[in-house]
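First comes the structure, then the notes that go with it.
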Amino acid sequence: MGMALAAYTPTRVRYDLLLQSMVPGTPFDSARVEALLEARGAKVLPGGGHTWQLEHGSVEIHPLKEGGQWVATEVRVPLSDRTELVREVVARVAEVAKEAEVRFFDPQLGRELSAHSDGVVADQYERTARYAGEMLGVASAMPISTTESEGFQPTTKFVLGVLGFFTLLYLLVNWMSDQLGG
């Protein structure tokens, strides 16, 4: 399931995108990617990685290492009920990827991205945020409505209706049985 690929930690739920080498197994030019991100305003974090303040919010950027080797750069987009930030991230990171000559990849979708991929990424982002909100109880992902719904849900109404029908049917059969037997 694609939604399960979104990163989840007890304190943060996010949607990860990757910058990686064009050809799997070849060295990743992390220095070039970092320089381009810093030129666009990404600030170095004290514990490593970067934070990038964009028009619609901020994202964190961290190295992804396997076996001690930097194989990709993660762009961590926090989940919310709005897609403006993820759309902006797709457009801006696609520019960086093109200039750095690296691959821009969405692990949730399992596909390479371009600046024109914002719609499909936003759709998957919304599904992931909804899943996090409903299944993981992450209110920041999809805020839970504070207005109380009035009345019963349709499924509850149906079940109560069926129970009521069979109760009336039982009482009617008992009454008819008493009339015929008595």
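The values are calculated or read from the model by the stated rules, or taken from the named source; none is laboratory data. Being a predicted model, the structure only gives us computed values, none of them experimental. So basically every Cβ, Gly included, is an ideal-geometry build from the backbone, and we count neighbours across all protein chains shown. The area values use the complete protein model at the heavy-atom level, side chains included, leaving out ligands, DNA and RNA. Shrake-Rupley method; radii C 1.70, N 1.55, O 1.52, S 1.80 Å.
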Run A129 past the list (1) closer than 12 Å to S80 by Cα; (2) outside any loop (DSSP other than H, G, I, E, B); (3) at pLDDT below 85; (4) not aromatic (F, W, Y) and report the number of the one that doesn't hold.
-> (3)
Only one of these is open to solvent by less than 80 Å² (accessible area, probe 1.4 Å), in contact with a helix residue (DSSP H, G or I) (Cβ under 9 Å, 6 or more places away or on another chain) and either outside any helix (DSSP H, G or I) or at pLDDT 95 or above (or both): S117, S80. Name it.
-> S80
Listed residues V86, V59, V96; which is open to solvent by less than 10 Å² (accessible area, probe 1.4 Å), within 19 Å of E126 (Cα to Cα), modelled with pLDDT of 95 or more and not in a strand (DSSP E or B)?
-> V86
If G41 passes every condition in (1) assigned to a strand (DSSP E or B); (2) surrounded by fewer than 16 Cβ atoms within 10 Å (Cβ to Cβ) but one, which one does it miss?
-> (1)
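For the stretch 12-38, name all the residues that are in contact (Cβ under 8 Å) with a residue 60 or more places away in the chain, over 12 Å from F104 (Cα atoms) and under 24 Å from the mean Cα position of the chain (by Cα). Can you show your working first?
Residues of the stretch 12-38 that are in contact (Cβ under 8 Å) with a residue 60 or more places away in the chain, as a first pass: 12-22, 28-29, 32-33, 36.
Going one step further and asking which of them are over 12 Å from F104 (Cα atoms), we end up with 12-15, 28-29, 32, 36.
Within the stretch 12-38, R12, V13, R14, Y15 meet the criteria.
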Go through (1) over 15 Å from R14 (Cα atoms); (2) assigned to a strand (DSSP E or B); (3) modelled with pLDDT of 95 or more and name the single condition V71 misses.
-> (3)
Of the residues in the stretch 45-56 that are in contact with a strand residue (DSSP E or B) (Cβ under 9 Å, 6 or more places away or on another chain) and outside any strand (DSSP E or B), the one that is surrounded by the fewest Cβ atoms within 10 Å (Cβ to Cβ) is G48
